[in-house]
Structures are given as C-alpha cells and as structure tokens.
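Student: What follows is a structure written as structure tokens; I'll ask about it next.
The values are calculated or read from the model by the stated rules, or taken from the named source; none is laboratory data. What you see is a predicted model; the values in this text were computed from it and never measured. A quick note on method: Cβ atoms are made from the backbone with ideal geometry, for glycine too, and the neighbour counts reach across all protein chains shown. Heads up: the accessible areas ignore ligands, DNA and RNA and are worked out on the full protein's heavy atoms, side chains in. Shrake-Rupley method; radii C 1.70, N 1.55, O 1.52, S 1.80 Å.
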Amino acid sequence: MPGKLDLKKLHALAKIGEVDTVLAVQVDMQGRLMGKRFHVDFFLNSACNGTHACNYLLATDIEMSPVQGYNSTSWKQGYGDYEMKPDLDTLRVIPWLQRTALVICDVYMHTADHKLVEVPHSPRAILKKQLARLQKMGITPMMATELEFHIFKDSYETAHKKSYRDLDLISHYNEDYHIFQTTKEENIMRAIRNGLNGADIPVENSKGEADPGQAEVNVKYAESLLTADRHSIMKNGIKEIAWLSDQSVCFMAKWHQDAAGNSSHIHQSMVNEKNEPLFYDKNAQYGFSDLGRNYLSGLLQYTADFTFFLAPNINSYKRFSEGTFAPTKTVWSVDNRTAGYRICAPGNKNVRIECRIGGADLNPYLAMAACVAAGIKGMEAEYDLPEEFSGDAYSAVGVQKVPATLRDATAALDNSKMLREAFGTDVIDHYVHAARWEQNCYDKSVTDWERERGFERS
C-alpha cells in the first residue's frame with residue numbers, strides 16, 4: 001500500500017526533507033488518538049524505541065477530565081507515566097498533514113516487581129488478548145467496519161459558537177446512494193478517499209447514507225487488529241480533513257433527534273492458517289458452516305453483556321429506534337437490515353456475519369474484542385443457533401431486545417461472567433466505572449429539552 005513505512009524508508013524520507021514530524025499515538029478509552037509530535041530525527045534516534053505519557057489518558061471521560069475512582073490511577077497515586085512502545089508495523093505517512101508520519105503505540109506499565117507489562121485495560125491490549133486465544137486454535141478473525149458520519153458546512157469553531165444548533169448540513173435531502181447529492185460533498189469526500197488510501201488505509205468506496213448530509217466510508221476487509229488500527233486512524237483523519245476544509249463532521253450515534261443514526265457495522269469471519277474461510281461450508285444452509293453458527297450463537301447469547309462496547313455513551317441509545325435501520329432486537333437473519341445480526345454473501349466463500357448494533361461512537365478495539373470473546377464462548381460451548389428470524393424484526397415479539405439504555409447495558413456488563421473470564425475482572429471493573437461515570441454526568445445535567453419544556457410551564 002502507498003504510505004506504509006518502515007524505519008529504513010522513514011530515514012530516507014527524513015534525509016530528503018519529505019518527513020519532518022512523527023506522531024506517536026496511543027488509543028484512549030473512547031477510541032481517540034492521544035500522543036506526541038516528534039521531530040523525525042529524535043524519533044529515529046530515540047523515540048522509535050519508546051516514549052512516555054501520563055497514565056490518566058486511560059482513565060478520563062470524553063471531556064478529558066481525570067475521573068476519580070479508578071484502581072489503576074488517581075490523584076492519590078500521583079498520576080504517573082505509562083510507556084508507549086511504537087508498533088513499527090503501523091508506521092505510515094499521513095498525506096493530509098504536511099511532511100508527517102504516524103505510528104500507533106502499545107501501552108506498558110511497571111509492575112510492583114519491576115516487570116514491564118502491557119496495560120491490561122488499554123484497548124489495543126484487550127483486543128490482542130482475544131486474538132491470541134484464537135491464534136492458539138489456528139484461527140485468524142477477519143473484520144471490516146462501515147463508518148458513518150454527518151458532514152456540515154460549518155467549521156468546528158463555528159459549530160461551537162452556535163452551540164451546535166441550526167447547523168448547515170452539506171446537503172438537504174436523503175442522499176442514500178445518491179450520486180448528484182454526494183457530488184455536493186466531493187470536495188471533502190475525495191480528499192478523504194485519497195488521503196486515507198495514501199495512509200495505508202485501502203478505501204473501497206464512499207457513499208451517501210440515509211439522511212441529509214450523511215456519508216459512509218468502506219475500507220477493505222482485513223485481520224482484526226489491522227482493521228481496528230485503520231478505523232482509529234481513519235476516524236481521526238476524517239475529522240482532520242474536514243477541519244482543513246473549514247468544515248466539520250460528526251460521529252455521534254445520534255446527532256439530532258430527527259436525523260438517522262450513525263452506525264459502525266462490524267463484519268466478521270475467520271480463516272485458518274492456510275487462509276481458508278472457516279465460516280464457509282458449501283454443503284450447509286446458506287453456505288454457513290457449523291463453526292460460523294456456533295460463533296453467531298455466542299454473539300446472540302451475550303449481546304446484552306457486551307452492548308456497552310458497541311454503544312458506550314448516553315447518546316448511543318438514542319439511535320436504537322424502530323424504523324430507522326438501527327436494530328432493536330437480538331435476532332439473526334439473512335440479508336435483512338432490521339435484524340441485529342445479518343448473514344451477508346450467503347452461499348459463497350465471502351459469507352460473513354454483520355453485527356449491526358454498534359454506533360459510530362464505538363471504540364473498535366473494544367467492540368471487536370467483545371465480539372470475539374462472545375464468539376469464542378459460542379464455539380467452545382457449541383451453542384445451538386436459534387431459528388432464523390424472517391420479516392420485520394421491529395415487530396418481533398418474544399425475542400431478546402438490545403439494551404435500551406446505558407444503565408441497562410452497564411448492569412449487564414457488570415454481571416457478565418463471560419467477559420470477566422475473557423477480559424479479566426479488573427478490566428471489566430475499569431469500564432464499568434467509566435460507564436457509571438457517563439451515566440452519573442448525564443443524570444446531573446439539565447438539558448435544553450428540560451428548559452424548553454419547563455421554564456415557563458412548570
């Protein structure tokens with residue numbers, strides 16, 4: 001891919017002045033990139049082996065406030081450092097930023113006996129732990145995410161000054177697959193496609209989505225960790241490209257009550273050591289193998305347990321609304337967009353599971369790790385797959401519902417024996433605390449809706 005680097009290539013680009021800055025980043029709990037900008041000479045001479053960052057970066061809320069109550073770090077413990085070690089396989093050029101490269105780092109800490117270990121609650125470590133479980137079985141999970149967002153003519157600065165009200169969308173009517181409508185946003189979408197492709201993120205296409213100003217970018221199917229890395233860089237890159245265009249984009253699961261939600265569907269399958277598809281069986285119904293059926297049964301069985309990792313914010317649950325293409329029921333179906341899980345490409349080697357529950361505000365590492373953990377449990381237990389649902393899943397009765405609130409999802413996460421075994425109980429406690437903090441912040445807030453409804457009338 002264009003844009004992919006190693007240290008030798010970075011040396012060469014630095015020598016001729018083509019790269020003078022290297023971003024060394026980690027991924028925080030919200031899936032955002034946090035880190036430092038290094039002069040390329042210092043990175044090559046020193047920081048390519050590691051750097052440091054405050055450990056509060058994995059214990060903050062979306063506002064970057066240092067939240068109290070975490071066992072991992074606190075004011076009492078002094079907010080020390082974690083070590084960031086670059087994964088040089090992620091080193092790449094960032095074409096939309098002048099003379100800039102980027103590398104993703106794994107995050108390490110020193111134990112009481114002075115050993116250096118990965119921080120267990122860091123998102124990348126959580127996913128790598130689940131992938132290692134599959135690797136012992138000779139299995140590699142393959143995934144892709146479909147990332148949706150809304151585009152505005154307003155810059156981020158203008159949107160802030162307007163208190164995020166009365167914003168000017170890039171188009172004013174439904175643009176789902178609409179070529180003329182999407183032509184209106186080509187100034188930014190073309191920059192996104194070409195920029196991402198030049199950063200070792202192979203974009204297949206972009207398209208209009210089912211709402212005014214809504215877009216989607218699709219990236220090539222790949223191994224799960226690579227997909228998660230690309231997703232995080234892509235999301236940050238789309239924001240930066242919008243900012244450079246004096247425009248803005250929004251990845252909220254539900255940016256406005258009258259707008260369609262922004263999703264991040266996760267497509268999932270598996271291959272063996274010979275790169276043969278393990279979800280495919282030409283003799284099975286839909287070409288969908290017993291292994292695939294067991295994996296899907298695990299997803300269905302434990303959806304409530306891991307919904308928080310698909311919908312991590314209060315706003316996430318505003319997206320789960322009937323008749324909006326966002327699922328409300330935990331059922332599976334073939335090529336049915338009302339179901340929580342859809343079997344795509346039935347009958348051929350590309351057969352796969354699409355999880356339609358996640359919003360664009362998810363952290364890809366956590367969401368993928370949770371899916372893999374549930375799928376492994378289904379494979380190990382060989383759960384029977386419930387019957388396929390047919391028809392409109394919104395009208396289904398007597399079936400499991402997707403948790404409707406963050407409060408419900410938090411309780412399910414806290415009580416999940418499966419995830420505590422898979423992730424570790426300290427890790428689950430860490431994210432339960434994050435979920436409760438989000439809920440508490442919302443519960444104390446007085447909203448515009450309340451003021452408009454009750455200022456005079458109450």
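Student: Of these, Glu276, Glu223, which one is closer than 21 Å to Leu147 by Cα and surrounded by fewer than 20 Cβ atoms within 10 Å (Cβ to Cβ)?
Tutor: Glu223
Student: When segment 143-188 is examined, which residues are found to be of a type in the set (A, V, I, L, M), closer than 27 Å to Gly31 by Cα and open to solvent by 30 Å² or more (accessible area, probe 1.4 Å)?
Tutor: Leu167, Leu169
Student: Does segment 402-423 hold any residues that are open to solvent by 20 Å² or more (accessible area, probe 1.4 Å) and under 19 Å from Gly378 (Cα atoms), and which are they?
Tutor: Ala412, Asn415, Lys417, Arg420, Glu421
Student: A further question on this structure: Of the residues that make up segment 365-377, is at least one at positive phi and open to solvent by 50 Å² or more (accessible area, probe 1.4 Å)?
Tutor: no
Student: Related question: Considering every residue within segment 33-43, establish whether at least one is surrounded by 20 or more Cβ atoms within 10 Å (Cβ to Cβ) and in contact with a Pro (Cβ under 9 Å, 6 or more places away or on another chain).
Tutor: yes
Student: What about Phe180, is it closer than 23 Å to Val219 by Cα and in contact (Cβ under 8 Å) with a residue 60 or more places away in the chain?
Tutor: Judged against the criteria, Phe180 is not a match.
Student: May I pose another question? How many residues does segment 92-110 contain that are in contact with a helix residue (DSSP H, G or I) (Cβ under 8 Å, 6 or more places away or on another chain) and either under 15 Å from Leu58 (Cβ atoms) or surrounded by fewer than 18 Cβ atoms within 10 Å (Cβ to Cβ) (or both)?
Tutor: The number of residues fulfilling the criteria is 4.
Student: Sticking with this one: Using beta carbons and a limit of 7 Å, which pairs, at least six apart or on different chains, have the first residue in segment 29-52 and touching a residue at least 60 places away in the same chain (Cβ under 8 Å) and the second one open to solvent by 20 Å² or more (accessible area, probe 1.4 Å) and in a loop (DSSP other than H, G, I, E, B)?
Tutor: Gln30/Ile62; Val40/Asp20
Student: Got a sec? Which of Gln257, Gln285, Gln247 is at pLDDT below 95 and not hydrophobic (A, V, I, L, M, F, W, C)?
Tutor: None of the others qualify; the one that does is Gln257.
Student: Show the residue pairs meeting these rules: Cβ distance below 6 Å; 6+ apart or different chains; first residue within segment 73-101 and within 12 Å of Gly3 (Cα to Cα); second residue modelled with pLDDT under 95.
Tutor: Arg92/Gly3; Val93/Gly3
Student: Mind checking which residues of segment 234-249 are surrounded by 20 or more Cβ atoms within 10 Å (Cβ to Cβ) and part of a loop (DSSP other than H, G, I, E, B)?
Tutor: Gln247
Student: Kindly provide the set of residues from segment 250-273 that are open to solvent by less than 10 Å² (accessible area, probe 1.4 Å), outside any loop (DSSP other than H, G, I, E, B) and either closer than 15 Å to Pro141 by Cα or of a type in the set (A, V, I, L, M, F, W, C) (or both), ordered by number.
Tutor: Selection gives Ile266, Gln268, Met270.
Student: While we're here: Can you name the number of the only condition in (1) among the aliphatic types (A, V, I, L, M); (2) out of contact with any Phe, Trp or Tyr (no Cβ under 8 Å at 6 or more places or on another chain); (3) part of a helix (DSSP H, G or I) that Leu291 fails?
Tutor: The number of the failed condition is (2).
Student: Further, regarding this structure: Got a sec? Which of Asp113, Asp6, Asp89 is loosely packed, with under 13 Cβ neighbours inside 10 Å and closer than 27 Å to Ile192 by Cβ?
Tutor: Exactly one residue qualifies, and that residue is Asp6.
Student: How about segment 386-409: which of its residues are over 18 Å from the mean Cα position of the chain (by Cα), in a helix (DSSP H, G or I) and modelled with pLDDT of 95 or more?
Tutor: Arg407, Asp408
Student: Sticking with this one: Return yes when Ile139 is of a type in the set (Val, Ile, Thr), open to solvent by less than 40 Å² (accessible area, probe 1.4 Å) and out of contact with any His (no Cβ under 9 Å at 6 or more places or on another chain) and no when it is not.
Tutor: Against the criterion (of a type in the set (Val, Ile, Thr), open to solvent by less than 40 Å² (accessible area, probe 1.4 Å) and out of contact with any His (no Cβ under 9 Å at 6 or more places or on another chain)), Ile139 qualifies.
Student: Next question. In segment 416-458, what residues are touching a residue at least 60 places away in the same chain (Cβ under 8 Å) and among the polar types (S, T, N, Q)?
Tutor: Ser416, Gln439
Student: Are there any pairs, at least 6 apart or on different chains, whose C-beta atoms fall under 7 Å, with the first in segment 245-256 and in contact (Cβ under 8 Å) with a residue 40 or more places away in the chain and the second of a type in the set (A, V, I, L, M) and open to solvent by 20 Å² or more (accessible area, probe 1.4 Å), and if so, which?
Tutor: As it stands, the answer is Ser245/Ala191, since those pairs meet every condition given.
Student: Suppose the filter is surrounded by 14 or more Cβ atoms within 10 Å (Cβ to Cβ) and modelled with pLDDT under 95; does Ser122 pass it?
Tutor: no
Student: Hey, does segment 326-347 have a residue that's under 22 Å from the mean Cα position of the chain (by Cα), of a type in the set (D, E, K, R), under 27 Å from Ile233 (Cβ atoms) and open to solvent by 10 Å² or more (accessible area, probe 1.4 Å)?
Tutor: yes
Student: Turning to a different aspect of this structure: Would you check if there is a residue in segment 290-304 being at pLDDT below 95 and in contact with a helix residue (DSSP H, G or I) (Cβ under 8 Å, 6 or more places away or on another chain)?
Tutor: Within segment 290-304 (the criterion being at pLDDT below 95 and in contact with a helix residue (DSSP H, G or I) (Cβ under 8 Å, 6 or more places away or on another chain)), the answer is no, since none of the residues qualifies.
Student: To continue, here is another question. Which one of these is part of a loop (DSSP other than H, G, I, E, B) and open to solvent by 20 Å² or more (accessible area, probe 1.4 Å): Ala132, Ala210, Ala191?
Tutor: Going through Ala132, Ala210, Ala191 in turn, just one is part of a loop (DSSP other than H, G, I, E, B) and open to solvent by 20 Å² or more (accessible area, probe 1.4 Å): Ala210.
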